[in-house]
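These notes concern the structure reproduced below.
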Amino acid sequence: MHKTSKISGFYKLSPEKRLKIVRELAGLSKEEAELLRKTGALELKQANRMIENVIGTTELPLGIATNFLINNRDYLIPMAIEEPSVVAAASNAAKMARPGGGFRTESTPPIMVGQIQLVDVKNPVEAREKILKAKKRILAKANEQDPILVKLGGGAKDIEVRVLTTHLGPMIIIHLLIDVRDAMGANVVNTMCEAVAPLIEELTGGRVFLRIVSNLAAYRLARAKAVFTKEALGGEEVVEGILQAYAFAAADSYRCATHNKGVMNGVIAVALATANDTRALEAGAHAYAAKSGAYKPLTHWERTVEGDLSGWIELPVAVGTIGGATAVHPVAKVCRKILGVQSACELGEVMAAVGLAQNLAAMRALVSEGIQRGHLKLHARNIAVTAGATGELIDIVARRMIEEGKVSYDGAIAILKELEKKGSRS
Ligand code: NAD
């Protein structure tokens with residue numbers, strides 16, 4: 001078959017037929033195709049309703065982080081992630097937070113921002129006044145779109161109007177501030193923005209282009225704080241090292257990106273386990289980290305008068321316990337039950353606590369044993385598998401590489417060859 005990616009009507013086919021085409025085009029073996037077809041808890045039928053052009057499902061390891069004491073309540077934290085050490089690090093940091101009373105969290109109301117872009121306005125200042133004066137009408141029009149949300153105490157609550165200078169001239173940007181309750185909110189927000197757009201045009205004589213949620217959920221914040229005693233951390237030197245690491249991140253974007261990546265290791269793993277929109281969280285977190293104009297750490301660390309380490313985090317958390325895929329994905333539903341969260345705000349606070357724990361664990365590892373030692377065992381096993389080890393050989397090869405102080409693909413192949421030779425001789 002001639003290889004092309006232009007496949008007419010692909011979207012109309014069943015997942016089985018699509019897979020057959022992909023199998024032929026990509027030269028997949030029967031076994032490889034079978035791997036894609038084989039589904040876990042998320043059935044093909046369900047997956048096919050979630051996104052387009054489905055041919056299968058994929059899986060990630062799901063682990064449980066232990067030891068989390070948040071607002072005096074114990075939580076088991078489901079985390080879906082492919083990276084070794086993250087779940088262990090979170091559990092370890094949560095254990096170290098317990099002598100200091102665990103994590104304290106809080107959050108703002110779940111307010112999302114919807115943006116409406118208005119152009120071709122003759123007098124932007126006058127138009128801004130007109131929009132502000134019509135606030136009640138605009139909010140009423142928005143709220144007509146979602147009576148359920150309004151009944152639950154949510155809905156459009158306020159507006160902001162900014163005049164933006166762009167290289168194409170001035171634009172008026174209207175923000176609809178919408179309380180989305182337990183939803184992530186993107187659909188709700190988009191629907192409301194679209195509904196009020198004609199009214200905005202009518203009021204101003206301008207033209208509306210974009211009407212969409214902003215992923216910089218700067219009004220929807222979760223905060224967590226914890227004190228880690230110097231004894232729990234391993235001594236004053238570790239506290240000093242962590243403060244030095246934090247100062248480095250606060251002063252340098254290269255380091256800060258990795259610092260915040262560590263935070264997001266935790267946040268995104270919980271988001272994936274609960275089928276939340278990970279891209280929205282990442283975009284929001286990094287944009288928030290740069291809100292001062294410079295890219296800064298999402299966490300903050302200082303020494304207490306007792307010489308312990310106090311940390312806190314603040315980040316936007318556009319997450320839902322209802323809506324989107326959260327109520328569709330069967331594993332996500334079970335994960336929510338394991339977490340026992342009652343609202344989206346509570347879920348966001350848990351994510352903030354996990355992010356703080358993850359950041360602490362990463363910095364502690366970096367300033368004490370170095371990150372690789374903790375990573376090494378699982379990493380060595382992954383390398384052994386990549387090099388072709390199976391069954392018992394995985395652990396044998398991984399152990400040998402660690403003992404020999406060289407964890408690498410070449411090293412694993414060499415050990416495997418040596419073992420093979422020995423095996424064929426005996
Ligand atoms: P949704 O529209 O599926 O569900 C929200 C609806 O559920 C509300 O409108 C409300 O009517 C109802 N509801 C019932 N009980 C509720 C409660 N307790 N709290 C709140 N609402 C309740 O979901 P959504 O959260 O509006 O949209 C999320 C999806 O949108 C995600 O899948 C996301 O990936 C996607 N999305 C994201 C973007 C973006 O981030 N830029 C853009 C478009 C779509």
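The values are calculated or read from the model by the stated rules, or taken from the named source; none is laboratory data. Just so we're clear, the structure is a prediction, and the values are computed from it rather than from any experiment. We place every Cβ from the backbone using ideal geometry, glycine too, and count neighbours over all the protein chains shown. For accessibility, only protein heavy atoms count, side chains too; no ligands or nucleic acids. Shrake-Rupley method; radii C 1.70, N 1.55, O 1.52, S 1.80 Å.
What is the P(r) of segment 200-266, as percent of Cα-Cα pairs per 5 Å bin from 0?
P(r) for segment 200-266, in whole percents per bin: 3, 11, 11, 15, 17, 9, 6, 6, 7, 5, 3, 3, 2, 0.
Which value, in Å³ per residue, describes the convex hull spanned by the Cα atoms of segment 292-426?
220 Å³
Considering only protein heavy atoms and a 1.4 Å probe, what is the carbon-and-sulfur percentage of the accessible area of the chain?
55 percent
Could you give the C-alpha radius of gyration of the chain expressed as a fraction of 2.2 N^0.38 Å, taking N as the number of residues it contains?
Computed over Cα atoms of the chain, the ratio equals 1.17.
Where the eigenvalues come from the Cα gyration tensor of segment 70-215, what are the semi-axes √(5λ) of the equivalent ellipsoid, largest first, in whole Å?
41, 18, 14
May I ask for log10 I(q)/I(0) of segment 1-108 at q = 0.21 Å⁻¹, from a Debye sum over the Cα atoms as equal point scatterers with solvent left out?
The calculated log intensity ratios at q = 0.21 Å⁻¹ are -1.07.
What is the ratio of the Cα radius of gyration of segment 376-426 to 2.2 N^0.38 Å, with N the residue count, to two decimals?
Normalised Cα radius of gyration, segment 376-426: 1.01.
Consider just the alpha-carbon atoms of segment 17-56 and return their Rg together with their Dmax, both in angstrom.
Final numbers for Rg and Dmax: 10.3, 28 Å.
Hey, can you grab everything whose amide H is under 5 Å from the amide H of Ile7? Only 5+ residues off in sequence or another chain; H modelled, so Pro and N-termini drop out.
Distant-sequence amide H within range of Ile7: zero hits.
May I ask you to evaluate 6.51 cos²θ - 1.76 cosθ + 1.60, the Karplus curve with θ = phi - 60°, for each residue of segment 278-286 and list the ³J(HN,Hα) values in order in whole Hz, giving x for glycine and proline?
6, 5, 5, 5, 4, 4, x, 5, 6
Distance cut-off 23 Å, Cα to Cα: go down the list Lys38/Lys261; Lys337/Lys377; Lys95/Lys406; Lys133/Lys157 and report the pairs above it.
Lys38/Lys261; Lys337/Lys377; Lys95/Lys406
In Å and whole numbers, how far do the C-alpha atoms of segment 201-346 stretch along each principal axis, longest first?
Dimensions of segment 201-346 along the principal axes of its Cα atoms: 63, 42, 25 Å.
In nm, to one decimal, how far is the Leu60 label point from the Glu160 one, both placed 7 Å along Cα→Cβ?
3.0 nm
Looking at the P(r) of segment 168-281, how many percent of alpha-carbon pairs lie beyond 26 Å?
In whole percent, the share of Cα-Cα pairs in segment 168-281 beyond 26 Å is 47.
Along segment 45-56, what does the Karplus equation 6.51 cos²θ - 1.76 cosθ + 1.60 (θ = phi - 60°) give for ³J(HN,Hα), rounded to whole Hz, x for Gly and Pro?
4, 5, 4, 5, 8, 7, 10, 9, 6, 5, 10, x
Could you go through segment 349-356 in sequence order and give the Karplus-derived ³J(HN,Hα) for each residue, using 6.51 cos²θ - 1.76 cosθ + 1.60 with θ = phi - 60°, rounded to whole Hz, and x for Gly and Pro?
5, 4, 4, 5, 5, 5, x, 5
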